[in-house]
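All of the numbers you see were taken from the coordinates with simple rules; none came from a lab. Remember, predicted model here, so these are calculated numbers, not experimental data. For neighbour counting, all protein chains shown are included, and Cβ atoms are generated from backbone atoms with ideal geometry for every residue, glycine included.
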């Protein structure tokens with residue numbers, strides 16, 4: 001899932017300066033599951049903003065709604081009906097959600113209430129860890145199911161650096177050394193030959209380095225006539 | 001000023017667990033012990049049911065303080081409900097500071113069903129704390145409450 | 001976890017010429033001759049004056065065959081290793097330029113190294129680089145376009161096949177660097193370390209310099225495996241040594257530095273060096289510690305020299321470059337051979 005966390009309240013208040021009435025829009029998908037932008041978080045943030053701006057003497061009326069998915073047109077299109085009455089829309093979606101709203105409602109100020117952090121999973125309740133950077137060229141089959149691109153701070157492809165100690169990464173004592181686990185898994189899975197192979201320089205053109213990425217599937221794309 | 005302020009009568013919401021604090025309050029009542037009438041008790045099956053949003057809405061709707069009263073540590077009927085409640089109360093404390101209210105306006109209390117007197121002592125102490133703090137700037141007393149009685153909460157979109 | 005690593009034997013080297021033919025650096029000639037090599041280190045200054053580089057370089061004159069010039073070491077911005085390397089060269093010492101994968105992508109690496117070679121630099125140490133989070137620009141974006149193995153492979157192909165990383169031909173021939181890497185015999189997973197060294201050799205390293213070695217029993221085990229795999233025949237292992245300056249430093253390295261092993265008897269020896277000296281006499285204690293540190297270092301070099309598969313020592317002063325001459329002298333490494 002996409003993992004996000006809320007921006008500091010003060011930063012959001014600064015963004016909202018000058019607004020009288022704002023619509024906070026949550027998203028019912030990834031950010032609900034990671035407790036950052038679901039219905040409840042929308043409620044908490046909105047109540048906090050109402051109280052805080054009231055105490056400041058510049059009360060902002062913050063109203064709330066949550067859609068199933070901010071990143072799909074069909075779910076956000078119905079918001080248009082009463083959008084006119086709001087000075088701005090505060091999105092509690094990920095960066096994709098914010099941009100989908102901005103694309104859907106040009107001319108309306110769409111403000112991000114979250115910082116989108118990474119693609120990851122909950123390793124325990126209340127703890128999320130990054131697992132994928134979307135490099136566009138997956139190598140998990142040779143690295144024993146552990147991603148060196150997203151989990152090794154130096155993005156090494158040929159084994160652990162000299163800072164691995166007791167299975168812990170030197171960059172962050174709270175993180176396990178990805179390569180320590182990769183070595184263990186590779187040995188268990190009989191991938192010793194892969195371990196000893198000098199893995200060639202990665203082609204990053206499939207990653208963000210190659211420019212803005214886009215996938216076109218002609219097999220499911222709507223014919224021009226239907227789009228119209 | 002001619003209108004000397006009458007003594008501040010706070011409004012304090014207490015989310016009480018049915019298995020402990022709520023029964024303790026009952027016991028206190030049955031024993032003819034008195035506790036401040038400021039306390040408005042909301043019964044819950046477990047304090048694990050109390051969530052951040054409800055506590056915030058109580059504050060937003062004009063409460064001067066919110067107490068969450070659950071079982072003694074380690075004795076929750078649902079194993080960890082009171083532990084979660086404490087985490088959430090701590091979180092609300094932090095939120096209140098960021099919002100601009102005093103963090104002491106929320107408090108977690110641990111009590112057993114047999115502790116009628118202690119319940120009285122705990123809530124009395126909390127009400128005293130709130131009295132010392134004075135009315136919440138958002139309370140009805142200050143005329144700032146923004147929510148009409150009866151409405152669900154200020155942000156609910158029709 | 002103790003994993004089972006399969007047996008490994010280094011494949012025969014069929015395509016790379018003998019070390020002396022790969023590069024005409026002094027270090028290459030010393031290593032090719034079988035002489036015990038000595039390298040040192042010059043850390044460039046955090047500024048743009050040349051004098052600190054010259055001063056440090058002069059302390060190494062006639063003590064070392066070549067000197068490493070670090071590249072933004074510990075991710076702290078310093079004068080570029082190539083520029084400082086040229087100053088070192090002017091002082092009559094052959095530089096080993098360090099370059100990390102942290103700060104440059106493959107374009108910048110190749111272009112800077114074409115330039116470095118054009119200006120007379122002949123030795124290169126290919127490193128991943130310390131993470132920037134511990135340096136003085138923790139907000140920097142790191143690059144890590146390629147890793148140290150891929151870096152070595154790229155430079156080997158530039159030298160031996162005259163091609164750029166993309167496969168395009170280098171007209172007029174590629175830079176003929178002597179290629180080095182880093183090795184840490186004590187980092188985890190411990191069993192993996194000899195294999196990693198083998199991989200560096202396969203990637204194209206002509207030599208490696210190790211992390212500081214204080215734990216000789218552990219290092220002997222490592223070298224035995226390296227020799228048994230046939231790795232030492234194909235890569236020159238230069239062992240990192242350095243004088244301890246105090247008991248505190250010994251303890252810090254033992255307890256705090258990841259991938260570092262300092263045995264207790266050494267810490268006790270450092271402690272013993274200041275026995276009977278009043279704690280208030282700071283200068284006296286420091287002198288006693290430093291004398292003992294130099295003594296230990298000399299003894300260790302002599303023991304290391306006797307280990308099968310070791311090709312030399314890399315003496316690191318660690319902000320105490322004055323110690324390098326007495327150490328080299330005491331260990332009988334002077335005068336350096338002229339080859």
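Values as computed for the structure displayed
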item	result
Most fluctuating residue given options C:96, C:296, C:238, as computed from a GNM of chain C linking Cα atoms under 10 Å	C:296
Fluctuation leader among C:188, C:112, C:24 - chain C, Gaussian network, Cα springs under 10 angstrom	C:188
Pairwise centroid distance, computed over Cα atoms, of region A:212-228 with region A:24-42, Å	29
Shape category assigned to region A:133-210 from the gyration tensor of Cα positions, a/c cut at 1.5	oblate
For residues of C:186-195, the mean tally of beta carbons on other chains within 10 Å	6
Relative exposure of C:97, C:170, B:111, judged by other C-beta atoms within 10 Å (fewest first)	C:170, B:111, C:97
Relative contact order [Cα under 8 Å, 6+ residues apart], chain C, whole percent	18
Selected from A:103, A:214, A:69 as most flexible by GNM, with chain A as the system and alpha-carbon contacts under 10 Å	A:214
Stokes-Einstein D for the protein assembly as shown, Kirkwood Rh over Cα pairs, 25 °C, 0.890 mPa s (µm²/s)	80
Chain A - percent relative contact order, Cα under 8 Å, separation 6 or more	17
Principal-axis tilt of helix C:148-160 within chain C, Cα atoms, nearest 10 degrees	50
Contour minus Cα-Cα distance for residue C:119 and residue C:318 (0.36 nm per residue)	68.9 nm
Shielding score for A:200-207, defined as the mean number of other chain Cβ atoms within 10 Å	3
Full-stretch length increase - residue C:170, residue C:14 - with 0.36 nm per residue and alpha-carbon distance subtracted	53.9 nm
Inter-label distance for residue B:98 and residue B:43, nm, one decimal - labels placed 7 Å from Cα along Cα-to-Cβ	3.5
Relative contact order of region A:16-55, defined on C-alpha pairs under 8 angstrom at six or more residues apart (%)	28
Zone of residue C:140's modelled label, taken as backbone nitrogen in region A:143-185 under 18 Å from a point 7 Å along Cα→Cβ	A:153-156, A:171-172
Cα-based shape type of region C:19-240, given that a ≥ b ≥ c are square roots of the gyration tensor eigenvalues and the cut on a/c is 1.5	rounded
Helix C:106-118 axis, angle to chain C major axis (alpha carbon atoms, nearest 10°)	80
Tail fraction, Cα-Cα pairs, region B:85-137, threshold 13 Å, whole percent	63
For region C:146-188 versus region C:265-307, the gap between their alpha-carbon centres in whole angstrom	40
FRET efficiency, 1/(1 + (r/R0)^6) with R0 51 Å, evaluated for residue A:197 and residue A:219 via beta carbons	0.90
Order of C:151, C:164, B:8 - criterion: other Cβ atoms within 10 Å of each residue's Cβ, fewest first	B:8, C:164, C:151
Relative exposure of C:38, A:62, judged by other C-beta atoms within 10 Å (fewest first)	A:62, C:38
Principal-axis tilt of helix C:216-228 within chain C, Cα atoms, nearest 10 degrees	20
At R0 = 56 Å, FRET efficiency that the Cβ-Cβ distance of residue A:33 and residue C:303 yields, to 0.05	0.45
Per-residue mean of C-beta atoms belonging to partner chains within 10 Å, peptide A:39-51	6
For a label point 7 Å along the Cα-to-beta-carbon line of residue A:84, residues of region A:4-29 with backbone N under 20 Å	A:20-24
Nitroxide proxy distance, nm - points 7 Å out along Cα→Cβ at residue C:255 and residue A:140	4.2
Prolate/oblate/rounded label for region A:2-118 (Cα gyration tensor, a/c 1.5)	oblate
FRET E, pair residue C:49, residue B:7, Förster distance 60 Å, beta-carbon r, rounded to 0.05	0.20
